[in-house]
Each structure stands twice: as C-alpha cells, then as structure tokens.
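Everything on this sheet refers to the single structure shown next.
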Amino acid sequence: MTADRTAAMTTTPQGPRIALIHALEESVGPARAAFRAHWPEARIFDLLDTSLAVDLAEAGRLDQAMMARFRTLADYVAGTEGAGGRTAGILFTCSAFAPAIDAVKPHLPIPVFRPNEAAFEAAMAIGDRIGIVVSFGPSAESLRTELLAMAAACGRRIEVTVAVADGAMAALKGGDGDGHDEHVARTAGLLHDCDVVVLGQFSMARAQARLQPLLSAPVLTTPGAAVEALRRLTESAGTAS
C-alpha cells in the first residue's frame, strides 16, 4: 500500500459547509473551539459585522432596518458555495438578536440556529429556576423573552433571573480575560437560588471553569450545545458528514 493511499484512508472525512455569523469579534474564538470539540469535520467559515452590536446598543431596540440586515446576511451566506459544497446550515452567535434570527428561519431551506436554543432546552431539563448571566446589556431582555417563550411553548412555568456582568465585556475587549471572568463570577454569585445558571453569550464560555466551583447549581455554556444541536439538525436534513 502506498503512503499516499494510507494517508487518504486515515484522513478525517470532511463535513458540510457551515456559516457562523457574528456580531462580536469575541464570539469567533469560542465558536470555533466548540466546532473543534464537537464537530471537527464541519467546514466552517465566519462572517463578522461588529456594527450590529454597536448599532443595537445605540438604538436600544431591534428595528425593521436591523431585521432586514439579518435577512441580507443570512441570504448571503446561504448562497455561497465552495469548500464543503453549498452552505448547509447557519449558526448566529450573538444572543441579543433572537427575533431577527427567528425571522430569517422561514425564508431558508437550511437549518438556522439561535445561539441559546440548545442551552435553554438543557437548562429547562434541569429545573424551573433558571439564572442567566450576560456581559452585553442589550442581550438581557432578549434572552429573558426568548427563554420564557420557549417554556410557554412546551407548557412550562419557569422563573428567569437575568444578571448583567457590568464591565466584563469591556475587560475582555481590553485583553483582560481574568478581569472578564472575575466580573462574571461576581455577578453569577447573586444567582445562588437558581437550579441552573446559563452563561448567555458565546464570549462568556471561558468563565465556566472559574464560576462552577463557586455555585452548587450546574453552569451551562452556549457554544457546545449550539454546535451539537446544529449538527443534529443538519444530519436530519441529510447533509452532515
């Protein structure tokens, strides 16, 4: 057997082409790490528009212009074809834009996933008192609404407490990862009455190891759960490797 043939037989099969759409550059690394851990075969590519987060923070709400921008971004990545074939799924990674992401879903024939769906499902499987920590203020009300709507859809009554880790995002953007984790841990300490705590943004996953020993409740992160769920959806559509 030749060396070339042996190498070909041991090469990991390549999976489908998956688009990651980011509003925060701090979400790129955690998203890619989650794919490496949970779906390394996927052929992922990134689309980053940092003006989304800035414009939402300034406007204070999701207006029609912002909703249209999400449709434009989704249409663009869904229409691309290259390594891995045609785009087979889309994962949005910023938690503040759930209504805009949901508005995209009916218009595309491929799976489109919100960043927190899978983690919220896992949290509801654990208990009814759910805490969420965010570091991007505009995500707070969006995530509360999203989780309550998911619970209502399956006939559940839950309690949701959202805490904003002020200063955490600024620390992370300034290169102070330890400072970010300390802000998150201090804030999450206020959620001691919860059955489970969700770190509500991809960029916060790094703080789990520091936070979990401080709480008796499980601490869930969003990237790994999102990747696993997207893989299942893509597989059910017959396009995953």
Practice task
Mind checking the per residue accessible area of the range 165-233 for me, 1.4 Å probe, whole number of Å²?
Solution key: 41 Å²
Exercise for the section: Would you please classify the overall shape of the range 114-241 from the alpha carbon gyration tensor, given that a ≥ b ≥ c denote the square roots of the eigenvalues, rounded means a/c under 1.5, and beyond that prolate means a/b larger than b/c while oblate covers the rest? Expected result: oblate
Problem - For the range 39-102: accessible area per residue (Å², 1.4 Å) - result: 45 Å²
Problem - His107-Ala59 pseudo-label distance in nm [points 7 Å out on the Cα-to-Cβ vector] - result: 1.4 nm
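Any chance you could run the full-extension gain for Met67 through Arg86? It's 0.36 nm times the residue separation minus the Cα-Cα distance, nm to one decimal.
Working: separation 19, 0.36 × 19 = 6.84 nm, distance 2.42 nm.
Working it through step by step, the gained length comes to 4.4 nm.
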Problem - Ala42 long-range amide H proximity, modeled H, under 5 Å - result: Gly15
Practice task
Would you mind checking which residues have amide H under 5 Å from Ala165's amide H? H placed 1.01 Å from N; only 5 or more apart, or other chain.
Solution key: Val134, Ser135
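Using DSSP loop states and a limit of at most 15 other Cβ atoms within 10 Å to flag trypsin sites (Lys or Arg not before Pro), what is the longest stretch of the chain containing no flagged site?
62-155
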Practice task
For the range 208-219, just list the computed ³J(HN,Hα) in residue order, Karplus coefficients 6.51, -1.76 and 1.60, θ = phi - 60°, integers in Hz, with x standing in for Gly and Pro.
Solution key: 4, 4, 6, 7, 4, x, 8, 10, 7, 7, x, 10
Practice task
Using only the Cα atoms of the range 23-100, build the gyration tensor, take square roots of its eigenvalues as a ≥ b ≥ c, and label the shape rounded, prolate or oblate: rounded if a/c is under 1.5, else prolate if a/b is larger than b/c, else oblate.
Solution key: oblate
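Please give the per residue volume of the convex hull enclosing the alpha carbon atoms of the chain, rounded to a whole number of Å³. Working shown, then result.
On the way: hull volume 35.1 nm³, N = 241.
Value for the chain: 145 Å³ per residue.
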Completion exercise
Simple SL model, points at 7 angstrom along Cα→Cβ for Ser51 and Ser216; separation in nm is 5.0 nm
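Residue separation times 0.36 nm, minus the C-alpha to C-alpha distance between Asp176 and Ala125: what's the value? Walk me through the intermediate numbers first.
Values: separation 51, 0.36 × 51 = 18.36 nm, distance 3.40 nm.
Contour length minus the Cα-Cα distance gives 15.0 nm.
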Fill in the blank from the handout: Plugging the Cβ-Cβ distance of Asp75 and Glu141 into 1/(1 + (r/R0)^6) at R0 = 30 Å yields, to the nearest 0.05, a FRET efficiency of 0.65
Exercise for the section: Tally the DSSP beta bridges in the chain and give the antiparallel ones as a percent, rounded to 5. Expected result: 5 percent
Completion exercise
For the range 147-163, Karplus-derived ³J(HN,Hα) couplings (6.51, -1.76, 1.60; θ = phi - 60°; whole Hz; x for glycine and proline) come out as 5, 5, 5, 4, 5, 4, 5, 10, x, 9, 10, 10, 10, 10, 10, 10, 10
Problem - Vicinal HN-Hα couplings computed from phi for the range 26-41 (Karplus, 6.51 cos²θ - 1.76 cosθ + 1.60; Hz; Gly/Pro x) - result: 5, 8, 5, x, x, 5, 5, 4, 5, 5, 4, 7, 10, 7, x, 6
Fill in the blank from the handout: Computed over the chain: longest principal axis from alpha-carbon atoms vs helix 177-188 long axis, angle to nearest 10 degrees, is 50 degrees
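The values are calculated or read from the model by the stated rules, or taken from the named source; none is laboratory data. Computed from a predicted model, the values in this text were never measured in an experiment. For neighbour counting, all protein chains shown are included, and Cβ atoms are generated from backbone atoms with ideal geometry for every residue, glycine included. Surface areas here come from the heavy atoms of the whole protein model, side chains and all, with no ligands, DNA or RNA. Shrake-Rupley method; radii C 1.70, N 1.55, O 1.52, S 1.80 Å.
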